[in-house]
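Some notes on the structure that comes next.
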Amino acid sequence: MHPHLLSSLALSVGLASLPAFAHDHAVLRGRLVFADHEKPVVRVLDLDTGEVTHSFDVPKANPGFATAQGGRFVVIKTGDDAGTIRFLDTGLTIESHGDHSDIEKGPVKLTDLVLKGQKPAHVISGHGQLALFYDGIRPWDGPSTAKAVLVAINDLAKDKPALTEWPSPGPQHGIVVPLGARRWLTSVPNPAYVRGDDRKASSRPDGFEIQQQDKRGWRRLASFNDPAKADASCKLYHGHAAAGGHHVFGCAEGEGGGMLILSQSKSGFSARKLPYPDERRISAIKARAGAKFMVANYGKAAPYDALLRVDPAAQSLSTNDVLPVPGGQPACQFELSGNGKRLANLTPDGKLRIYEIAPAWKELASFEAVPAFDCQYDARTPTPSLAVIGGNAFVSDPLNGRIREYSLDSLKQGLDLPVEGKPANLAGSDAG
């Protein structure tokens, strides 16, 4: 066993960490998936032994990751010209026992399922379903085949999972959100962008529809795509999170802007706008099941230099909900703890700051986690990554070839493991 493991906290993947002595059996910690900045390979780190147990070749170095609901499957956006998406089965299954959750470790494998398409982008999971969106190419660059590929998450364990394609009406930097009961939220592309006659038109959508999928195809149940109504549109959409029956979408700043709050109940769907506290906007938002607050990055434009606390049930937000990033830095990477009460924020100065979110923003700890880095999109230098699993934050350090762990509960450092290569993107797991 790696010596650093002796002083670390017990961790259940996707849930808050608990000390092993609280149970009549050892609590396994699970596995962490990471990419390499230079080599086209994905590796799996066993958190119980501190050893890298598996390695899988991929088309390009440092692919993007998204973890499907439940934490077992990791979606790998390989970054190649064919828009290839692969699926890693981490072999982890989680069983809840009230005061703790047990992890079972099955075989790790790269599944046989291979998807291809034009510009893979947003990956959304929920209600046991996974939606993978392909934006399509710009209309002036050629014929576009924007689409979403839909699959039941449990089916990913099968040799040939059943797939459904939703054909987008046109290219867009869009989204499809599983709503359960074979219902899906689909974004509506910007007509000016689809026409292609105005190359300054945004690829971001301005509205959504609720679709019912049945044997006859797709049927529209509701529309939130009226640009004349602020509470029925979302200009320049980017950023989505869901929890507690609320879906929050980041829309443009200024008049008619704010966040679109779509609420789902037995009687149907309703929407309203939650204004921003000032003239800025969000671009990415995080949520955890059962938590009152979501957290988003916030700014006039990239780089976003603040964090915004969002209560989807609130009628308004205030300056008290805004947390400026120290030194005017970009918010860069941020993740909520498993219970949604604390936030980890990794900034370009190399510091990992831990915040309490409520009743007011409060910095609880700051760690010199990694050397200073460039977190701008497509930075040529190696970019560290942040993943939060339950009550623990993991940070990759590509320059020094290490992965480090920090407890969001005890506010102490745990693991500090050397790994092969230059570890970059991490795949965090969430069993919710």
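Would you check if L426 is touching a Leu at 6+ places or on another chain (Cβ under 8 Å) and either of a type outside the set (A, V, I, L, M) or on the phi > 0 side of the Ramachandran plot (or both)? Criteria not met by L426.
Hey, among R404, R342, which residue is in contact (Cβ under 8 Å) with a residue 24 or more places away in the chain and closer than 19 Å to L323 by Cβ?
Residue meeting the stated conditions: R342.
When the stretch 364-396 is filtered for residues that are charged (D, E, K, R), within 21 Å of K39 (Cα to Cα) and over 20 Å from the mean Cα position of the chain (by Cα), the ones remaining, listed by number, are D374, R380.
Going through the stretch 211-228 one residue at a time, which ones are assigned to a strand (DSSP E or B) and either closer than 17 Å to I282 by Cβ or of a type in the set (K, R) (or both)?
As a first pass, look at the stretch 211-228 and keep what is assigned to a strand (DSSP E or B): 211-214, 217-224.
Residues satisfying the conditions are R219, R220.
For the stretch 59-66, the criterion of being under 19 Å from K109 (Cα atoms), of a type outside the set (A, V, I, L, M) and modelled with pLDDT under 95 is met by no residue.
Evaluate the stretch 349-357: report whether one residue or more is more than 21 Å from R280 (Cα to Cα), in contact with a Pro (Cβ under 8 Å, 6 or more places away or on another chain) and open to solvent by less than 40 Å² (accessible area, probe 1.4 Å). Yes: the stretch 349-357 contains one or more residues that are more than 21 Å from R280 (Cα to Cα), in contact with a Pro (Cβ under 8 Å, 6 or more places away or on another chain) and open to solvent by less than 40 Å² (accessible area, probe 1.4 Å).
Inspect the stretch 318-332 for any residue being hydroxyl-bearing (S, T, Y) and more than 23 Å from N392 (Cβ to Cβ) and give the result as yes or no.
Here is the first cut: in the stretch 318-332, the residues hydroxyl-bearing (S, T, Y) are 318-319.
Retained after the next criterion (residues that are more than 23 Å from N392 (Cβ to Cβ)): 318-319.
Yes, some residue in the stretch 318-332 is hydroxyl-bearing (S, T, Y) and more than 23 Å from N392 (Cβ to Cβ).
Every condition in (1) farther than 26 Å from A242 by Cβ; (2) surrounded by fewer than 23 Cβ atoms within 10 Å (Cβ to Cβ); (3) within 19 Å of the chain's Cα centre (by Cα); (4) modelled with pLDDT of 95 or more is met by C332 except one, and the failing one is (1). Within the bounds of the stretch 365-373, is there any residue that is open to solvent by 20 Å² or more (accessible area, probe 1.4 Å), in a loop (DSSP other than H, G, I, E, B), farther than 25 Å from I76 by Cβ and touching a residue at least 40 places away in the same chain (Cβ under 8 Å)? No, there is no match, as no residue in the stretch 365-373 is open to solvent by 20 Å² or more (accessible area, probe 1.4 Å), in a loop (DSSP other than H, G, I, E, B), farther than 25 Å from I76 by Cβ and touching a residue at least 40 places away in the same chain (Cβ under 8 Å). Consider the stretch 358-385. How many of its residues are modelled with pLDDT of 95 or more and either among the aromatic types (F, W, Y) or closer than 19 Å to I285 by Cβ (or both)? The total comes to 5.
Could you list, in sequence order, the residues of the stretch 145-158 that are farther than 20 Å from F208 by Cα and either of a type in the set (V, I, T) or touching a residue at least 24 places away in the same chain (Cβ under 8 Å) (or both)? Within the stretch 145-158, V151, A152, I153, N154, L156, A157 meet the criteria. All of (1) at pLDDT below 95; (2) open to solvent by 40 Å² or more (accessible area, probe 1.4 Å); (3) closer than 20 Å to F394 by Cβ hold for R29 with one exception: (2).
Give the residues of the stretch 386-432 that are at pLDDT 95 or above, outside any strand (DSSP E or B), open to solvent by less than 10 Å² (accessible area, probe 1.4 Å) and within 28 Å of A291 (Cβ to Cβ), sorted by residue number. L408, the sole residue that qualifies. Pairs meeting the criteria (first residue in the stretch 159-176 and under 17 Å from I124 (Cα atoms) and part of a loop (DSSP other than H, G, I, E, B), second residue open to solvent by less than 20 Å² (accessible area, probe 1.4 Å) and among the charged types (D, E, K, R), beta carbons under 7 Å, at least 6 apart or on different chains) are Q172/D135; H173/D135; G174/D135. Residues in the stretch 125-158 that are in a strand (DSSP E or B) and either open to solvent by 30 Å² or more (accessible area, probe 1.4 Å) or among the polar types (S, T, N, Q) (or both): S125, Q129, K147. When the stretch 292-327 is filtered for residues that are polar (S, T, N, Q) and either touching a Lys or Arg at 6+ places or on another chain (Cβ under 6 Å) or farther than 27 Å from S263 by Cβ (or both), nothing remains. The set of residues from the stretch 228-251 being more than 26 Å from A181 (Cβ to Cβ), in contact with a strand residue (DSSP E or B) (Cβ under 7 Å, 6 or more places away or on another chain) and at pLDDT below 95 comprises just one member, A230.
Scanning the stretch 50-83 for residues that are open to solvent by 10 Å² or more (accessible area, probe 1.4 Å) and not in a strand (DSSP E or B) returns V58, P59, K60, A61, N62, Q69, G70, R72, G79, D80, D81, A82.
The values are calculated or read from the model by the stated rules, or taken from the named source; none is laboratory data. Quantities reported herein were computed from a predicted structural model and do not represent experimental measurements. Here Cβ is always computed from backbone atoms with ideal geometry, including for glycine, and neighbour counts include all displayed protein chains. To get the accessible areas, we keep the full protein, side chains included, count just its heavy atoms, and leave off ligands, DNA and RNA. Shrake-Rupley method; radii C 1.70, N 1.55, O 1.52, S 1.80 Å.
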